Amino acid sequence: QVQLVESGGGLVQAGGSLRLSCAVSGITISFNAMAWYRQPPGKQRELVASITVTGNTDYIDSVKGRFTISRHNPKNMVYLQMNSLKPEDTGVYYCNTYVQPSDWGQGTQVTVSS
């Protein structure tokens, strides 16, 4: 069973930065493409960024150039560096596998004030 524990969220002003962390257990992330997702208030969860086993990354257009996903395989950790935050980045952020995500963690709340 996959266990995912997200942390690092908080309240920041627009233009600020946050670094999210995700501790993963139950799977070895070096064998899995991983991703960060978010659920804005009143909306469905959406994919934000992904990273392949070989380290290739991809982002939704709205965060390109501002967010950076990374992984630390020995620690089985996944990170999301978020810079130049905007109010529309507000939401609960989750990490999970990119393919067939399941066993969602509690997520970490990110609130960006204008």
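Tell me which of these Pro74 doesn't satisfy, since it passes every other one: (1) touching a helix residue (DSSP H, G or I) at 6+ places or on another chain (Cβ under 9 Å); (2) assigned to a strand (DSSP E or B).
Only one criterion in (1) touching a helix residue (DSSP H, G or I) at 6+ places or on another chain (Cβ under 9 Å); (2) assigned to a strand (DSSP E or B) is unmet by Pro74, namely (2).
Go through segment 88-103 and count every residue that is at pLDDT 95 or above and surrounded by 13 or more Cβ atoms within 10 Å (Cβ to Cβ).
Matching residues across segment 88-103 total 10.
Given the condition surrounded by fewer than 19 Cβ atoms within 10 Å (Cβ to Cβ) and touching a helix residue (DSSP H, G or I) at 6+ places or on another chain (Cβ under 8 Å), answer yes or no: does some residue in segment 54-69 qualify?
Yes, segment 54-69 has at least one match.
Report whether or not Gln109 is open to solvent by 50 Å² or more (accessible area, probe 1.4 Å), in contact with a Lys or Arg (Cβ under 8 Å, 6 or more places away or on another chain) and in a strand (DSSP E or B).
Here the answer is no, as Gln109 does not meet what is asked.
With respect to Gly42, is the statement that it is more than 15 Å from Gly107 (Cβ to Cβ), open to solvent by less than 60 Å² (accessible area, probe 1.4 Å) and out of contact with any Asp or Glu (no Cβ under 8 Å at 6 or more places or on another chain) true?
Against the criterion (more than 15 Å from Gly107 (Cβ to Cβ), open to solvent by less than 60 Å² (accessible area, probe 1.4 Å) and out of contact with any Asp or Glu (no Cβ under 8 Å at 6 or more places or on another chain)), Gly42 does not qualify.
Identify, from the list Ala49, Ala33, Ala23, Ala14, the residue that is crowded, with 18+ Cβ neighbours inside 10 Å and touching a residue at least 12 places away in the same chain (Cβ under 8 Å).
Step by step, each of Ala49, Ala33, Ala23, Ala14 is checked, and only Ala49 is crowded, with 18+ Cβ neighbours inside 10 Å and touching a residue at least 12 places away in the same chain (Cβ under 8 Å).
Kindly indicate the residue of segment 4-44 that is among the polar types (S, T, N, Q) and in a strand (DSSP E or B) and also nearest to Tyr79 (Cα to Cα) among those meeting that condition.
Within segment 4-44, the match that is nearest to Tyr79 (Cα to Cα) is Ser21.
Scan segment 79-103 residue by residue and report those that are closer than 18 Å to Asp61 by Cβ and aromatic (Phe, Trp, Tyr).
Tyr93, Tyr98
The values are calculated or read from the model by the stated rules, or taken from the named source; none is laboratory data. Since the model is a prediction, treat every value here as computed from it, not as a measurement. Cβ atoms come from the backbone with ideal geometry, glycine included; neighbour counts cover every protein chain shown. Keep in mind that these areas ignore ligands, DNA and RNA; they rest on the heavy atoms of the full protein, side chains included. Shrake-Rupley method; radii C 1.70, N 1.55, O 1.52, S 1.80 Å.
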